Amino acid sequence: MKNSLKYKALIFDHDDTCVNSTAGLHYPAHVKALKLLRPEEKPVSLQTWFEKNFSPGFLPFLENELHFTEAELETAFLVWREALSTTIPDFYPGILPFMREYRMRGGRIAVVSHSDPEMIRRAYQAKAPDLMPEVIFGWDNDPEKRKPAPYPALQALAQFNLPPQEVLVLDDLLPGIEMAQRAGIPGAAAGWGHQVPLIREAMEKICLRYFRTFEEFEDFLLT
């Protein structure tokens, strides 16, 4: 292994990039909330759920396609929070050893996600407390402070005191890549969390690289 790093800092997404969470946590929470709120309405499939998270995005899907009211959004949020409080998703195999090696070589790690920041911290605290990211941005009610807005990425750059070209964003969905583009940071796609053709084709067009497996990403970064 080489000692030099292609990128001095990484900005990771959390869900379906670092942890396997949509299939086992977020989608079931949506199905449960829909059954509670609209028992007559059939939920979309898991693949469609991934597609909707990709475009138009989770919140626009609930607001503009399912036409959730404010009260329904609040109930769905509470159901989701309850699921988060009882389930800690597993990290994908190889992620944590990679982070440990990357840090040993001097790399810096941030997480920018749409998950609750406390839930992100809880996942690391439970699985690898020594790898707690230096910078964590999660869901913020202010759209200017959550991806795809550039604010979280720009804050990470300032924290690390690095220029954009020395940092890489890794995300499985469009908001993280759009954030990277707006901040002038290279963006790569994590393809190991789901194999949805619509998402893969779109991400391959706009990303620096599309990694089908985590091993491909690891080889790219560390060898």
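Where a number appears in this text, it was derived from the coordinates with a stated rule and is not lab data. The shown structure was predicted, so the numbers you read here are calculated from the model rather than taken from an experiment. Positions of Cβ are generated from backbone atoms using ideal geometry, with glycine treated the same way; all protein chains shown enter the neighbour counts.
Data table
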| read-out | value |
| --- | --- |
| The range 22-86, dipole about Cα centre (Lys/Arg Cβ +1, Asp/Glu Cβ -1), debye to the nearest 20 | 260 |
| Of CYS207, PHE98, HIS67, farthest towards positive along the dipole that unit charges on Lys, Arg, Asp, Glu beta carbons give the chain | PHE98 |
| Lysine pairs with alpha-carbon atoms under 30 Å apart, the chain, spacing 8 or more or separate chains | 27 |
| Among HIS30, PRO56, ALA76 the positive-end extreme of the charge dipole of the range 22-86 (Cβ point charges) | HIS30 |
| Amide H within-cut-off set for VAL111, under 5 Å, with H built and near neighbours excluded | PHE12, VAL135, ILE136, PHE137 |
| Estimated distance in nm for a label pair at GLU215 and GLU118, the labels positioned 7 Å out from Cα along Cα-to-Cβ | 4.0 |
| Assigned charges on the beta-carbon of Lys, Arg, Asp, Glu; the range 31-155 dipole about Cα centre (debye) | 600 |
| Cα→Cβ-extended label distance, 7 Å offset, between SER4 and ASP142, nm | 4.0 |
| Burial ranking of peptide ranges 130-137, 159-166 (average Cβ count within 10 Å, highest at the top) | 130-137, 159-166 |
| Overall form of the range 81-157 per C-alpha gyration tensor (a/c, 1.5; a/b vs b/c) | oblate |
| Share antiparallel - DSSP beta bridges, the chain, percent rounded to 5 | 5 |
| Centre separation in Å (Cα based) which lies between the range 158-223 and the range 16-80 | 24 |
| The chain - charge dipole about Cα centre, Lys and Arg +1 at Cβ, Asp and Glu -1, debye rounded to 20 | 640 |
| Cβ-defined net charge surrounding ASP130, 12 Å radius [Lys, Arg +1; Asp, Glu -1] | +3 |
| Extension gain (nm, one decimal) between GLU74 and GLU166, 0.36 nm per residue minus Cα-Cα | 29.1 nm |
| Label point at GLN155 placed 7 Å out along Cα→Cβ; residues across the range 164-181 whose backbone nitrogen lies under 16 Å | 176, 179-180 |
| Overall form of the range 183-223 per C-alpha gyration tensor (a/c, 1.5; a/b vs b/c) | oblate |
| For the range 22-86: rounded, prolate or oblate by the Cα gyration tensor [a/c cutoff 1.5] | rounded |
| Contour minus Cα-Cα distance for ARG182 and LYS42 (0.36 nm per residue) | 46.7 nm |
